[in-house]
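Novice: Below you will find the structure I want to go over with you.
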Ligand SMILES: Cc1cc2nc3c(=O)[nH]c(=O)nc-3n(C[C@H](O)[C@H](O)[C@H](O)COP(=O)(O)OP(=O)(O)OC[C@H]3O[C@@H](n4cnc5c(N)ncnc54)[C@H](O)[C@@H]3O)c2cc1C
């Protein structure tokens, strides 16, 4: 594939970033690409591939080397998610949830004992999941109903979570429950839960439109016993854990959508140069050229917003508005690019024999998870209008 993207100080990569991106790109092409179609059809992620993510040090990108991680910055996670999603958005989200939500929460809110117990595992072979949503609480996440009651040295959790990414393969879950519904959001508490804890069960797996190889399941907690030492952060401060991790996680979804749009457009550009109608490649028609130019421009803008938010985060500068903008805009662009690439392929784009339709299906999730597009607009509006 040609690298036709524009250059700017934001998208210019350091030597280290370039080497890292190239290695992930090569790996994705060689190892993931051949499995994409079958994993999508089966609705199941290849377990050997998941193992290779750990071997490639993609599952503990920001975890310090002292805990067995790669010791890199947040921007590297963004590059990894983009490159993987360029080939398969399911691969992208598995790595994204691990790095930008689970590891991020453990690094930021874990005490030394928790870091010692979990970080080395997360870097070397344990997959994580992030469980906030419930059937009745999505956008209104703090209306969650899962209860946590202190009994001696344990919390007993009861309730159900819905839509939890990685649930089939994950061993560790960052899960949110309330210690007292009367306290409202101030009762919400984050817990580190292991799949093996008594009373914990993974329920129904969703059969989805896109990112089909990424597992999305219900979680059932029936008198689930969680030791007190597995409270993550302070009791009643789970709302802070969830808001702050999701603020960063959103940049990851921006990167996933940039990757999806980029992979789709790569195929589109290649196809219009090869496909002949009226005795010439369709790329010679100005209507096609202008569509490609428009999509490439939109994609570049989405990438700039995403990289900007990630670089702000690494520089410890305010990034919440920029992160919401990156997710909002990139998911909009991914849907537009992938939809138009289906059309550039003509009838072939509508079949499963070509990758265009899968990119289109995969793009749709960007506007939904980790805060819908309307929720991003709400955050942006509050910050622009100065209400926060
Ligand atoms: C494939 C997949 C994977 C997921 N993975 C995870 C995961 O790993 N962990 C997790 O915790 N959750 C996960 N989710 C859940 C996801 O974050 C929620 O679906 C999302 O936040 C939306 O919540 P909801 O589905 O309840 O929709 P609702 O909140 O019911 O929204 C329905 C519609 O109403 C709109 N709306 C709601 N409130 C307002 C408002 N105030 N103003 C304007 N419009 C509004 C929304 O934008 C949306 O269009 C996943 C979901 C999916 C589909």
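Novice: Would you be able to tell me the number of residues in the range 75-121 that are within 16 Å of the ligand (Cβ to nearest atom) and over 14 Å from the mean Cα position of the chain (by Cα)?
Specialist: 2
Novice: Right, here's the next one. Filter the range 164-175 down to residues that are closer than 14 Å to residue 192 by Cα and part of a strand (DSSP E or B) and give me whichever is farthest from the ligand (Cβ to nearest atom).
Specialist: Per the criteria, the residue is 172.
Novice: Here are 71, 60, 92: which of them is touching a helix residue (DSSP H, G or I) at 6+ places or on another chain (Cβ under 6 Å) and without any contact (Cβ under 8 Å) to a residue 40 or more places away in the chain? Quick ask: steps written out before the conclusion?
Specialist: Numbers: 60 fails: without any contact (Cβ under 8 Å) to a residue 40 or more places away in the chain; 92 fails: without any contact (Cβ under 8 Å) to a residue 40 or more places away in the chain.
None of the other options fit; the residue is 71.
Novice: Still on this structure: Could you check, for the range 133-140, whether at least one of its residues is in a strand (DSSP E or B), more than 26 Å from residue 91 (Cα to Cα) and near the ligand (Cβ under 9 Å from one of its atoms)? Can you show your working first?
Specialist: Taking the range 133-140 and keeping what is in a strand (DSSP E or B), we get 134, 137.
From the residues that got through so far, the ones that are more than 26 Å from residue 91 (Cα to Cα) too are 137.
Going one step further and asking which of them are near the ligand (Cβ under 9 Å from one of its atoms), we end up with 137.
Looking through the range 133-140, at least one residue is in a strand (DSSP E or B), more than 26 Å from residue 91 (Cα to Cα) and near the ligand (Cβ under 9 Å from one of its atoms).
Novice: Still on this structure, I have one more. Mind checking whether some residue in the range 318-338 is surrounded by fewer than 21 Cβ atoms within 10 Å (Cβ to Cβ), closer than 30 Å to residue 207 by Cβ and away from the ligand (no atom under 16 Å from the Cβ)?
Specialist: yes
Novice: Exactly one of (1) touching a strand residue (DSSP E or B) at 6+ places or on another chain (Cβ under 8 Å); (2) in contact (Cβ under 8 Å) with a residue 40 or more places away in the chain; (3) within 13 Å of the ligand (Cβ to nearest atom) is unmet by residue 252. Its number?
Specialist: Only one criterion is unmet by residue 252, namely (1).
Novice: Right, something else. In the list 153, 161, which residue meets the criterion of being within 16 Å of the ligand (Cβ to nearest atom) and either closer than 19 Å to residue 196 by Cβ or touching a helix residue (DSSP H, G or I) at 6+ places or on another chain (Cβ under 6 Å) (or both)? If you could, list the steps in order and put the result at the bottom.
Specialist: Details: 153 fails: within 16 Å of the ligand (Cβ to nearest atom).
It is 161.
Novice: What about residue 222, is it out of contact with any helix residue (DSSP H, G or I) (no Cβ under 8 Å at 6 or more places or on another chain), within 26 Å of residue 183 (Cβ to Cβ) and away from the ligand (no atom under 16 Å from the Cβ)? Even if it seems obvious, please write down each step before you answer.
Specialist: Numbers: out of contact with any helix residue (DSSP H, G or I) (no Cβ under 8 Å at 6 or more places or on another chain): yes; within 26 Å of residue 183 (Cβ to Cβ): yes; away from the ligand (no atom under 16 Å from the Cβ): yes.
Considered against the rule, which asks whether it is out of contact with any helix residue (DSSP H, G or I) (no Cβ under 8 Å at 6 or more places or on another chain), within 26 Å of residue 183 (Cβ to Cβ) and away from the ligand (no atom under 16 Å from the Cβ), residue 222 comes out as yes.
Novice: Look at the range 23-69 and say how many of its residues are surrounded by 15 or more Cβ atoms within 10 Å (Cβ to Cβ) and under 21 Å from residue 129 (Cβ atoms).
Specialist: 22
Novice: Return a yes/no flag: does the range 141-150 have any residue that is surrounded by fewer than 18 Cβ atoms within 10 Å (Cβ to Cβ), within 11 Å of the ligand (Cβ to nearest atom), in contact (Cβ under 8 Å) with a residue 40 or more places away in the chain and assigned by TED's automatic domain parsing to the domain that holds residue 219. If you could, list the steps in order and put the result at the bottom.
Specialist: Our first condition is that a residue be surrounded by fewer than 18 Cβ atoms within 10 Å (Cβ to Cβ); within the range 141-150, this holds for 142-143, 145, 147, 149-150.
Pick out the ones that are also within 11 Å of the ligand (Cβ to nearest atom) and you get 143.
Subsequent filtering for residues that are in contact (Cβ under 8 Å) with a residue 40 or more places away in the chain retains none.
No.
Novice: State the number of residues belonging to the range 196-211 that are closer than 27 Å to residue 108 by Cα and within 15 Å of the ligand (Cβ to nearest atom).
Specialist: 1
Novice: Quick one: which of 105, 80, 42, 89 is at pLDDT 95 or above and within 30 Å of residue 234 (Cβ to Cβ)?
Specialist: Values: 80 fails: within 30 Å of residue 234 (Cβ to Cβ); 42 fails: within 30 Å of residue 234 (Cβ to Cβ); 89 fails: within 30 Å of residue 234 (Cβ to Cβ).
Sole residue among the options that is at pLDDT 95 or above and within 30 Å of residue 234 (Cβ to Cβ): 105.
Novice: Please work out if residue 118 is touching a residue at least 40 places away in the same chain (Cβ under 8 Å), in contact with a helix residue (DSSP H, G or I) (Cβ under 8 Å, 6 or more places away or on another chain) and either surrounded by fewer than 16 Cβ atoms within 10 Å (Cβ to Cβ) or assigned to a helix (DSSP H, G or I) (or both).
Specialist: Values: touching a residue at least 40 places away in the same chain (Cβ under 8 Å): yes; in contact with a helix residue (DSSP H, G or I) (Cβ under 8 Å, 6 or more places away or on another chain): yes; either surrounded by fewer than 16 Cβ atoms within 10 Å (Cβ to Cβ) or assigned to a helix (DSSP H, G or I) (or both): yes.
So residue 118 fits the description; yes.
The values are calculated or read from the model by the stated rules, or taken from the named source; none is laboratory data. Treat the numbers as computed from the prediction; the structure is a model and nothing was measured. FYI the Cβ positions are ideal-geometry reconstructions off the backbone, even for glycines, and counts take in every protein chain you see.
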